[in-house]
Amino acid sequence: MGRFRALPALALATLTLTACPVNPATGERQLILISEAQEIRMGQEGAQQVEASLGLYDDPELQEYVSQIGLELAATSEKPNLPWSFKIIDDVIVNAFALPGGPIYVTRGILAHFNSEAELAGVLGHEIGHVTARHSAEQISRAQAAQLGVGVGYIFLPEIAAYGDVINVSLGLLLLKFGRDDERQSDDLGFRYMRRSGYDPTEMVDVFDMLGRVSSVGGGSGLPAWLSTHPDPGERRQRMEQRLAEAGGEVGGEVGRTRYLQMIDGLMFGVNPRNGFFRGSTFLHPDLRFQITFPDEWRTSNMAHQVVALSPDEDAVVQLTLAAEASAAEAADTFFSQSGIQRGRSSRYPINGLPARTGYFSATARDSTQFRGLAAFIEYREQVYKILGYTMADRWNVYADVFPGTAESFHRLNDRAALDAQPAHLEIVRIDSSMTLAQFAERYLSTVEIETLELINGVGAEETLAAGTLVKRVVGGTIPK
């Protein structure tokens, strides 16, 4: 960890006076060493990386719906003129996040768990609060003051982004973890924006209940879970109830349950196997018709344009991406000709009958860290796949056999069940008579367990639902185990 350098008293006083303005949203002074323009630029660059790497959900009508709600909330904030944007990430995980200066995202995974427009508005309001409170800018400024920098490489270590083979550092903004005070402050601001926009803030109690029941939704997602980056939902629920009690009879407003559930009717639920899925440590891609096995116990992420595995000790990475070149030979020449890459022993042997080029390499990062790795390029179905495995040089002996083993596991996918895998979707049913959720599950069959229906509907199995209630079920979905 870096350490604060001693500053002369005069310089420190000057820094405090010039860099600690009062934030209009919070009424507090903050250490801010970057301008709002810089903050906006960082957020826009990060947004480009997020959308390119994670991908947006393909539903223009739902995207517009979320955007409209977000913009209406942002218009009531203390920063209405920021370049706000609100978009849905095509990811199964239950999450929402904000980048500096205005870009805000929710996943389709969290949308499947909301049961009203007010719940969605509450989470968007919370994320707006992070932006108006300038929490990211404050963290970055503190890091700069401590001369720590913000060279976060998302979840992938080590970082050799200089060679274009890991996610851009902009995505490190996603892992700027906010402290409990920041989260409480954003909850308070979200409460404020909900009330200003006419939404019923009591709906946030249900959101915290839902988050408390979601244990983990990893499974190859490209994002950290909400629960890994936010404080205990139970504590936040108690604070919300206290705030509601203090507001007394003044609390109320729009819920929008029917409108919201109608909007998410048909929403994709769970993993979309057409974009690839994991069976244990093996990644299978039905549309591209290939499979590859990553090391056991490694953390995996299936993103829009790459699949990545991170070692348990977070000291080694394996990436699978598509190369731009037309042949394995061209792709290998391009990679090994990069400045800073030293080519080692190489091979032209095919991999599982597919034309390939493989070579070892060493490289030096901008901070002088030494790396060693293996790069493999495989031609298959008019595409060139690049498999890159690397670690720090002093850890090479630990992974020297892992990287080639992963590359050599790449081969054609012939499993008919995997090739035919299809995604599941939500279906909204209006029940015509009173029944429990358990009875609903028996009458309206789902392709998920009753526990999942309890979670996404926010009711217990034996809870009675009145006639005319809209209820979620999950239909379709054939992902082989």
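The values are calculated or read from the model by the stated rules, or taken from the named source; none is laboratory data. Just so you know, these numbers come straight off a predicted model, no measurement behind them. Don't worry about glycine lacking a Cβ; one is built from the backbone with ideal geometry, like all the others, and counts go over all protein chains shown.
Considering only residues that are over 17 Å from GLN68 (Cα atoms) and either outside the structural domain of ILE34 (by TED's automatic domain parsing) or part of a loop (DSSP other than H, G, I, E, B) (or both), which ones fall in the range 116-136? Across the range 116-136, the qualifying residues are ALA133, ARG134. Among the candidates ALA75, ALA96, the residue that is at pLDDT 95 or above and within 22 Å of THR132 (Cβ to Cβ) is uniquely ALA75.
Among the residues of the range 377-428, the ones that are among the aliphatic types (A, V, I, L, M), assigned to a strand (DSSP E or B) and out of contact with any Pro (no Cβ under 8 Å at 6 or more places or on another chain) come to 6 in all.
Candidates are the residues of the range 203-256 that are more than 23 Å from the chain's Cα centre (by Cα) and among the aliphatic types (A, V, I, L, M); the one that is modelled with the highest pLDDT is VAL255. Only one of the numbered conditions (1) hydroxyl-bearing (Ser, Thr, Tyr); (2) under 21 Å from VAL214 (Cβ atoms); (3) in contact with an Asp or Glu (Cβ under 9 Å, 6 or more places away or on another chain) is not met by THR447, and that is (3). The C-beta contact set for the range 392-405 (first residue without any contact (Cβ under 8 Å) to a residue 60 or more places away in the chain, second residue surrounded by fewer than 14 Cβ atoms within 10 Å (Cβ to Cβ) and outside any helix (DSSP H, G or I), distance under 8 angstrom, 6+ apart or interchain) comprises ALA393/GLN370; ASP394/GLN370. Within the range 267-288, the set of residues being touching a Lys or Arg at 6+ places or on another chain (Cβ under 9 Å) and under 17 Å from THR321 (Cβ atoms) comprises HIS285, ASP287, LEU288. You will find that of SER136, SER53, SER67, the residue that is out of contact with any Phe, Trp or Tyr (no Cβ under 8 Å at 6 or more places or on another chain) and within 22 Å of ALA304 (Cβ to Cβ) is SER53 and no other. Exactly one residue out of GLY101, GLY70 is part of a helix (DSSP H, G or I), buried (at least 20 other Cβ atoms within 10 Å of the Cβ) and not polar (S, T, N, Q): that is GLY70.
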